[in-house]
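Data block below; observations after.
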Amino acid sequence: MGQSASTVAGAQNRIKFRSSPVISSMKEIDDSDDVIDVFDVGEYDYSSNIPDECLACIFHFLSSGDRKSSSLVCRRWLRVEGQSRHRLSLNAQSELVAVVPVIFSRFDSVTKLALKCDRRSASIGDEALVLISLRCRNLTRLKLRSCRELTDAGMESFAKNCKGLKKLSCGSCAFGAKGMNAVLNNCSALEELSVKRLRGITDGAAAEPIGPGVAGGSLRVICLKELYNGQCFGPLIIGSKSLRTLKLFRCSGDWDKILEVISEQVSELVEIHLERLQVSDTGLAAISKCSILEILHLVKTPECTNNGLKTVAENCKLLRKLHIDGWKTNRISDDGLIAVAKHCPNLQELVLIGVNPTCASLEKLATNCLNLERLALCGSETVGDPELSCIAAKCIALRKLCIKSCPVSDQGMEALASGCPNLVKVKVKKCRLVTSGSADWLRTTRGSVAVNLDTPEPENPDASASDGGVPEVGNEIRQVAGQVRGVSIASSSTGRSNSFKARLGLTTGRNLVACTFRRWSSFGGSSSSSSRNN
């Protein structure tokens, strides 16, 4: 009503356009054929008054999918969207080399690039990486995953073309020490290096040492994961005078001596993560020389004891975050924690997994560490209702509390109703004696506190084959296997065959059997878990 025929026709014309291929399909983009400008049909382009810079700023607020959709509106939006995109992630299969020129002709301002290949596919080689480096000379961040065809020569050429690189993360790649040294010798602005399963590093004393190169003066973060001969990175760590964060996960070899040299040469370390590493109190004594240390994670390092923790606490008085996974070895206990409470008054976050503290250490921590805001106690056999009541009464600044696999009950939960005045979140998992009723009561009493309760299903500790224990396991296996078969595994993107799905279901069943029997055998105990930040 009230509209002319021409107006109606114009409204219909505005929605008639064809979409162009998206970048993930890696097809050649031809602006003249694949994108029809909706404003060429006679309607006025109201966005023409918006400068390209402002349009690019608008695109930065959109998600990746919305940006792709917006690029199909008209040729100008396609051009501006491509030129303003700084982050790009590509499927790094071998076929990528053929379309590299097309992709980076459109996306010519990329500074952050991720190249990820499926483990069952052939990855890009040196040719593709060199082509990318020639078109992305302003690249500042590069992530390589499962690029097994890259060699030392390819990494050397890349490093010479992208000398402004600031962050490199590589995992499951095949190049070795020469390729890594090429990066360190050419990228003087490199600030962060993360290496995981670098397959090209040779074994034994003959391994070529890595670093420090020109990057030694700029590196601030080094993360090494699952390296069979990770100690060849020792010269790099020692030579990085500005290093602030060091993370070592599951790297073989004795690290005590290297940590001793590191502590003498690197004085700016504020964060250290050690996980499943061969390190003892000798290594902790070396770490204690880092007087400005603020964050320390000791995860499953069974040779570390109370003595080593005491040394760290006495010398690293600025400690703010402490994570300890004792692996139920009982080598770190009240003595070490009392030393932390005595010497580290700035402690804000404490995570204890597989450690058995009592009221003696918890009361000291609450009394002396007045800034303690986050506390997690997992897999502890000594944390019961008295310990939880102590926390409720003494931890005035506590905001977040996590209790997992500990022998606490509803009585301990009731103590939280009148304690910890700043508490905002409570998380209780796998505590068999805590019922949903106490959680509901706590929510009602403390309306501002978010209570997350994971109540495990009741189990029969005396279950056996004669009373139906084994058939129940079989039922669980069938249920989980049915769930696995019912879940879409995205075969279009992963290419997994039906036989693989069947093997996946069978493997899930086996893991469930092992997990179930472990739960039965340790019914009176507790399990522990730890979480990390990649």
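Things to note:
- Backbone HN-Hα couplings from phi across the stretch 337-346 [Karplus 6.51/-1.76/1.60, Hz, Gly and Pro as x]: 5, 5, 5, 4, 4, 6, 10, 10, x, 8
- Across the stretch 392-455, C-alpha contacts under 8 Å between residues 6 or more apart give a mean separation that, scaled by the residue count, equals a relative contact order of 37 percent.
- Rounded to the nearest 10 Å², the accessible area of GLU53 at probe 1.4 Å: 130 Å²
- Computed with a 1.4 Å probe on the full set of protein chains, the accessible area for ARG220 sits at about 110 Å².
- Working from Cα pairs under 8 Å separated by at least six residues, relative contact order for the stretch 272-333 is 40 percent.
- Cα-Cα over 25 Å, subset of LYS178/LYS289; LYS196/LYS257; LYS247/LYS394; LYS241/LYS400; LYS116/LYS400: LYS178/LYS289; LYS247/LYS394; LYS241/LYS400; LYS116/LYS400
- With DNA, RNA and ligands ignored, accessible area of ILE238 (1.4 Å probe; Å², nearest 10): 40 Å²
- Summed side-chain charge close to GLY179 - residues other than GLY179 whose Cβ falls under 11 Å, Lys, Arg +1, Asp, Glu -1: -3
- Distant-in-sequence amide contacts of ALA114, defined by a placed amide H-H separation under 5 Å and a gap of 5 or more residues or a different chain, comprise LEU88, SER89, LEU90, LYS143.
- Relative contact order [Cα under 8 Å, 6+ residues apart], the stretch 79-193, whole percent: 23 percent
- Of the accessible area of the stretch 219-335, computed with a 1.4 Å probe over protein heavy atoms only, carbon and sulfur atoms account for 44 percent.
- Rounded to the nearest 20 debye, the dipole size of the stretch 210-349 about its Cα centre is 280 debye, using +1 on the Cβ of Lys and Arg and -1 on the Cβ of Asp and Glu.
- If the chain linking SER64 and ALA207 were pulled fully straight, counting 0.36 nm for each residue of separation and taking away their Cα-Cα distance, it would gain 47.2 nm.
- Ordering PHE61, PHE107 by accessible surface, largest first, gives PHE61, PHE107; the 1.4 Å probe counts only protein heavy atoms, with every chain in place.
The values are calculated or read from the model by the stated rules, or taken from the named source; none is laboratory data. This structure is a prediction, so every number in the text was calculated from the model and none was measured. All Cβ positions, glycine included, derive from the backbone under ideal geometry; neighbour counts span all protein chains shown. For the accessible areas, the whole protein counts, side chains as well, though only heavy atoms, and no ligand, DNA or RNA atoms are used. Shrake-Rupley method; radii C 1.70, N 1.55, O 1.52, S 1.80 Å.
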